[in-house]
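So the structure is just underneath, and the comments pick up after that.
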Amino acid sequence: MMRRLLTRVINRVLLSEPFSPAMIIEAEIHNQGRRKMVVGLGNPGMEGTRHSVGMTVLGALAARLGVADRWRGDKYVSGEVILSEIQQTNVVLLRPRLLMNVNGVSVAKAASKYGVKAEDILLVHDELDKPLGKIAIKHGGSARGHNGVRSCVDCLQTDVMPRLRIGIGRPTGKTSVDRHVLGRFTTEEQKVLDSVLVQSVDLLLSQLSQQDSQQDSPPPSSPAGGRQAAQKRNERARSVSPAEDSAAAQS
C-alpha cells in the first residue's frame, strides 16, 4: 500500500511539468482529425524482457507500417514517438522512457500534447495470467495488478483505455515473479513469440482501422473503478494462440 501511494505521488510530481506555448503549437500542427495512440508499456533499456513485451509488439507494428526508422525522442512526454497514419486515421506510437511503474506519466503527457482521448489510447502490455502464445483485447476496467496499467489509470484519471494483453505465463518452480518478468525469453519461447508478434500486429491494425462511425458512442470517461456497469456492457476479451488464426472466436 505504501509503495502504491509513493508511486502516485511520483506520478503527480512528474506530471507537474508545464506545457510550453511551443509544445501547444506543435500539438496543433499534428492534431488535425481524430487521433489514436498505441503505447508499448515496459522498462527503458529492457526491451527484450517479458515485462517489456509491449515495446516489442510496438516495434513490430512500426516495422509493419514501414516507419521503424522514424522514432524520435520527445523530451516533454519522456518517451519516443512516431506519427503515422492508418486508413486516414492519425496514429501516435509511443514508447515511454520512464520506468514501468510511472509509464502513465508519458501516456498522459502524450495524450495532452497530441490531443488523444483516453478511449482512443490502446495500451499493449504483458499478462502473467495468460500463457505465452495467448493474446487478448480488454476494453477498459481495472489494472488487474499490472503496475504500468495502474499508472496509466492514475495519470489519465480514467480506466476506459482498451488494452492488448500479451501472455507471458507465470513462473514455474522456485523462480520468483520479479525474476520471471524481468528475464528474457528462452530460445523456445522466442519461436512462439514470433507468431504472437504477427498476430498481435494484425489485431492492432484491425482495432486501429475501425471507422469512427463504429465508435460514435465510446464509453464515457470515469474515475478509476467507477464504471463497473459500463464495463459489463462493453468489455469483450479475445484470446488468440499461435495455433489459431485471426478469426478465432471471442472468449
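Nothing in this text is a laboratory measurement; each read-out follows from the coordinates by a stated rule. It should be emphasised that the depicted structure is a prediction, and the values quoted were computed from it without experimental measurement. Cβ placement follows ideal geometry from the backbone for every residue including glycine, while neighbour counts extend to all protein chains displayed.
Some notes on this structure:
- Burial ranking of peptide ranges 42-48, 76-82 (average Cβ count within 10 Å, highest at the top): 76-82, 42-48
- Other-chain or far-sequence residues with amide H under 5 Å of GLY140's (modelled H): ARG163
- Amide H contacts under 5 Å for VAL91, placed H, 5+ residues apart: LYS36, SER84, GLU85, ILE86
- Once the C-beta distance of ALA63 and GLU188 is scaled by a Förster radius of 25 Å, the resulting FRET efficiency is 0.60 to the nearest 0.05.
- Amide H contacts under 5 Å for LYS130, placed H, 5+ residues apart: ILE168, GLY169
- Shape category assigned to the range 35-208 from the gyration tensor of Cα positions, a/c cut at 1.5: prolate
- Fully extending the segment from ASP178 to GLN87 would add 28.8 nm, taking 0.36 nm per residue of separation and subtracting the current Cα-Cα distance.
- Evaluating 6.51 cos²θ - 1.76 cosθ + 1.60 at θ = phi - 60° for every residue in the range 51-58, the Karplus couplings come out as 5, 9, 4, x, 5, 5, 4, 4 Hz, glycine and proline recorded as x.
- Extension gain, GLN210-SER195: 0.36 nm per intervening residue step, less the Cα-Cα distance, totals 3.1 nm.
- For the peptides 129-142, 164-177, 107-120, residues were scored by their other Cβ atoms within 10 Å and the scores averaged per peptide; the highest-first order is 107-120, 129-142, 164-177.
- Extension gain for the segment ARG170 to ASP129, taken as residue separation times 0.36 nm less the Cα-Cα distance, is 14.1 nm to one decimal.
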